[in-house]
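This report concerns only the one structure given below.
Just so it is clear, none of the values below were taken in a lab; they were calculated from the coordinates. Please read all numbers here as calculations on a predicted model, not as lab measurements. Note: ideal-geometry Cβ built from the backbone for every residue, glycine included; neighbour counts use all protein chains shown.
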Amino acid sequence: MKVTVLGCGALGQLWLTALHRQGHEVQGWLRVPQPWCSVNLQETDGAIYNELLTANDPQFLAHSDLLLVTLKAWQVSVAVKNLAEMLPAGSPVLLIHNGMGTLDELQSLRQPLLMGMTTQAARRDGNLIIHVANGTTHIGPARPLNADYSWLADALHAVLPDVAWHNNMGASSWRKLAVNCVINPLTAIYDCPNGALRFYPRQVELICGEVAAVMQREGYHSSPEDLLAYVWEIVDSTAANISSMLQDVRAVRHTEIDYINGYLLRRARAHGINVPENARLYELIKNKENEYERIGA
Ligand code: KPL
């Protein structure tokens, strides 16, 4: 396969490395207009993989079989729209990011649009990307497709297991949204690892109740108890993690709040549902962002 990976952060470098090692042709696509990108990855067994790969080559993009997008949610739609003209109309675009709402922004995209959710854990430590833990990547259609793309899950599974295909990603996207609505803002506000949320059970419960109400109105089977149990499972299994939002806040970067609790607020408003706890967390994180954007960080 010929693959362009848009976004060369931790997850992007993980996929670039895995694809390259399995003999696929790969290039990275970066914001900086340079013809190469370096990947510097420490595997789960401690081995270091260092390579200089092609980047930003329009000819390569024009022959790519897949555009794999590993950008933060708020960067996705502008970046994808900029490349879409050069990408063949039949080559799928696979989005892997936290949160929801980018599909609404990419409605006019002519390529097949796929979405993915992953529990592969990778983080940046200076110039090194550390592959912290293996996980599972679930992929499937982001909107109705006119061909079968499930072969892609098999191809990607051979590269960075596990990868599984699902024809219906809706309910699992909402369950993942619930996880992110709880863990990301709370850990960013309390400046704590995921596991420390065991100290805030009431808040976790309130958020899950609000997400369940919106999820039901969106047509998905759900209950506050079911979401709560799922969220606690993820809190415990990622107890030592520093959430991506806390990492963003610590690094004074823009967060994905508009696509996590912000998306929930938009859907709640559309259904006339009150979600005060999610609204409060949204405001708190926006205030943090506005504060560091005001001082020019
Ligand atoms: O997706 C995550 C994130 O940090 O963005 C979780 C699941 C909360 C793991 O930390």
Which number in (1) away from the ligand (no atom under 12 Å from the Cβ); (2) touching a helix residue (DSSP H, G or I) at 6+ places or on another chain (Cβ under 8 Å); (3) aliphatic (A, V, I, L, M) marks the one condition that MET169 misses? (2)
Restricting to region 232-242, name every residue that is of a type in the set (S, T, N, Q) and either more than 10 Å from the ligand (Cβ to nearest atom) or in a loop (DSSP other than H, G, I, E, B) (or both). THR238, ASN241
Can you tell me which of (1) in contact (Cβ under 8 Å) with a residue 24 or more places away in the chain; (2) of a type in the set (Ser, Thr, Tyr); (3) over 30 Å from HIS24 (Cα atoms); (4) surrounded by fewer than 21 Cβ atoms within 10 Å (Cβ to Cβ) is the one THR136 doesn't meet? (3)
How many of the residues in region 204-231 are exposed (fewer than 14 other Cβ atoms within 10 Å of the Cβ) and within 16 Å of the ligand (Cβ to nearest atom)? 1
Pairs needed: first member in region 173-194, in a helix (DSSP H, G or I); second member anywhere, among the aromatic types (Phe, Trp, Tyr); C-beta distance under 6 Å; at least 6 residues apart or different chains. TRP174/TYR220; ARG175/TYR230
Search result, residues across region 1-43 that are more than 19 Å from SER77 (Cα to Cα), touching a Phe, Trp or Tyr at 6+ places or on another chain (Cβ under 6 Å) and not hydroxyl-bearing (Ser, Thr, Tyr): GLN27, LEU41
Among the residues listed as PRO112, PRO92, the single one being without any contact (Cβ under 8 Å) to a residue 40 or more places away in the chain, away from the ligand (no atom under 16 Å from the Cβ), buried (at least 20 other Cβ atoms within 10 Å of the Cβ) and on the phi < 0 side of the Ramachandran plot: PRO112
May I ask you to list pairs of residues, at least six apart or on different chains, whose Cβ atoms are under 7 Å apart, with the first in region 65-77 being touching a residue at least 40 places away in the same chain (Cβ under 8 Å) and the second being basic (Lys, Arg) and surrounded by fewer than 18 Cβ atoms within 10 Å (Cβ to Cβ)? ASP65/LYS2
Could you tell me how many of the residues in region 51-97 are assigned to a loop (DSSP other than H, G, I, E, B) and closer than 30 Å to VAL249 by Cα? 5
Testing TYR263 on (1) in contact with a Gly (Cβ under 6 Å, 6 or more places away or on another chain); (2) over 30 Å from ASN290 (Cβ atoms); (3) in a helix (DSSP H, G or I), one condition comes back false. Which one is that? (2)
Could you check how many residues of region 243-281 are under 22 Å from ALA213 (Cα atoms) and away from the ligand (no atom under 16 Å from the Cβ)? 15
